[in-house]
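Participant: Have a look at this one.
The values are calculated or read from the model by the stated rules, or taken from the named source; none is laboratory data. Since this is a predicted model, take the numbers as computed values, not measurements. Using ideal geometry, Cβ is built from the backbone for each residue, glycine included, and neighbour counts are taken over all protein chains shown.
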Amino acid sequence: MHNDDYVKSGDFLARREAARQRNDRLTGATGGDAEDRQAWFETVYLEAGGDPAAVPWADLAPKAVLVDWLAKNPGQGRRALDVACGLGDNAEALAAAGYKTSAFDLASEAIAWAKKRFPQSAVDYIAGDLFALPEDWKGAFDLVHECYTIQAMKDPLRADAIPAIASLVAPGGTLLLISRTREEGSEADGPPWPLMPSEWRSFEDHGLTLKHFQDYELARPDRTIPHVLAEFRKS
Ligand SMILES: C[S@@+](CC[C@H](N)C(=O)[O-])C[C@H]1O[C@@H](n2cnc3c(N)ncnc32)[C@H](O)[C@@H]1O
């Protein structure tokens, strides 16, 4: 079955819904302290038992906006980092576009799963915490790609995530951000907690300049979900 059909099949969706109900009952599902929230991610991957339907954000394909962006911005051997890579689809797209790619996630189970899915991968998959990354990663990556991680965090993790991600970009390098968005000042009933413009633009407070952004919507049967793709450059 084609991947798109597989993730939209009734059976897959039924397993996803059952898992959602289980995941929502776990400690840290809707917040808690930083430790609870981080433990929740680990538990979701572990309890999935190898079934991607049980990992709510696993599309089993790279984000379409990322693929479009990469077609216009090939890597030509430059270094890329995928932040909180989950099951690895976006990291694989970065490598396929010619970036020498590293990818990390807090959940060691996610990293093991990504390696299993892509056994011939050129991506260097590493278990790691955004808030405790190797010192020599600071300023080391020509492209840093962040998709859906910040929106999965509440303050204080969220406020700390933005400078932590910004610090990874090399001088002259690019940060590519993909996130759900919400109107300035509106409440978020997360998770996820979509970013307000003032939040995603605050990368500009951490040595990055906004070069381009694109608002877009993803259609769901019952609603549309506002998103942004934003490209920043470090001077
Ligand atoms: C909503 S998922 C998004 C995964 C992937 N980026 C994607 O687009 O499919 C958020 C990911 O962030 C990871 N994560 C959460 N806190 C983290 C941290 N402090 N450091 C690294 N990864 C973290 C989780 O394990 C999870 O894989």
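Participant: May I ask you to verify whether Tyr45 is of a type in the set (Phe, Trp, Tyr) and touching a strand residue (DSSP E or B) at 6+ places or on another chain (Cβ under 9 Å)?
Facilitator: In short, yes.
Participant: Touching a residue at least 60 places away in the same chain (Cβ under 8 Å) and closer than 27 Å to Asn23 by Cα: is that true of Pro191 in this structure?
Facilitator: yes
Participant: Something else now. Check Leu94, Leu130 and return the single one that is in contact (Cβ under 8 Å) with a residue 24 or more places away in the chain, within 10 Å of the ligand (Cβ to nearest atom) and crowded, with 19+ Cβ neighbours inside 10 Å.
Facilitator: Of Leu94, Leu130, the one residue that is in contact (Cβ under 8 Å) with a residue 24 or more places away in the chain, within 10 Å of the ligand (Cβ to nearest atom) and crowded, with 19+ Cβ neighbours inside 10 Å is Leu130.
Participant: Spot the failing condition for Gly185; the list is (1) on the phi < 0 side of the Ramachandran plot; (2) of a type outside the set (A, V, I, L, M, F, W, C); (3) exposed (fewer than 15 other Cβ atoms within 10 Å of the Cβ), and only one is missed.
Facilitator: Against the list (1) on the phi < 0 side of the Ramachandran plot; (2) of a type outside the set (A, V, I, L, M, F, W, C); (3) exposed (fewer than 15 other Cβ atoms within 10 Å of the Cβ), Gly185 comes up short only on (1).
Participant: Identify, from the list Asp51, Asp89, the residue that is away from the ligand (no atom under 11 Å from the Cβ) and either out of contact with any strand residue (DSSP E or B) (no Cβ under 8 Å at 6 or more places or on another chain) or in the same structural domain as Phe12 (by TED's automatic domain parsing) (or both).
Facilitator: Matching residue, one of Asp51, Asp89: Asp51.
Participant: Return the pairs, sorted by first residue and then second, in which the second residue is within 8 Å of the ligand (Cβ to nearest atom) and assigned to a helix (DSSP H, G or I), the first residue lies in the range 150-170 and is closer than 11 Å to Lys138 by Cβ and not assigned by TED's automatic domain parsing to the domain that holds Gly28, the beta carbons are less than 7 Å apart, and the residues are 6+ apart or on different chains.
Facilitator: Ala164/Leu130; Ala164/Phe131
Participant: If you check Leu175 against the conditions, is it outside the structural domain of Asp24 (by TED's automatic domain parsing) and loosely packed, with under 14 Cβ neighbours inside 10 Å?
Facilitator: no
Participant: On to the next question. Out of the range 149-187, which residues are away from the ligand (no atom under 16 Å from the Cβ) and under 20 Å from Asp105 (Cβ atoms)?
Facilitator: The answer is Val169, and nothing else.
Participant: Just a yes or no: is a residue in the range 6-19 within 16 Å of the ligand (Cβ to nearest atom), outside any helix (DSSP H, G or I) and surrounded by fewer than 18 Cβ atoms within 10 Å (Cβ to Cβ)?
Facilitator: No, there is no match, as no residue in the range 6-19 is within 16 Å of the ligand (Cβ to nearest atom), outside any helix (DSSP H, G or I) and surrounded by fewer than 18 Cβ atoms within 10 Å (Cβ to Cβ).
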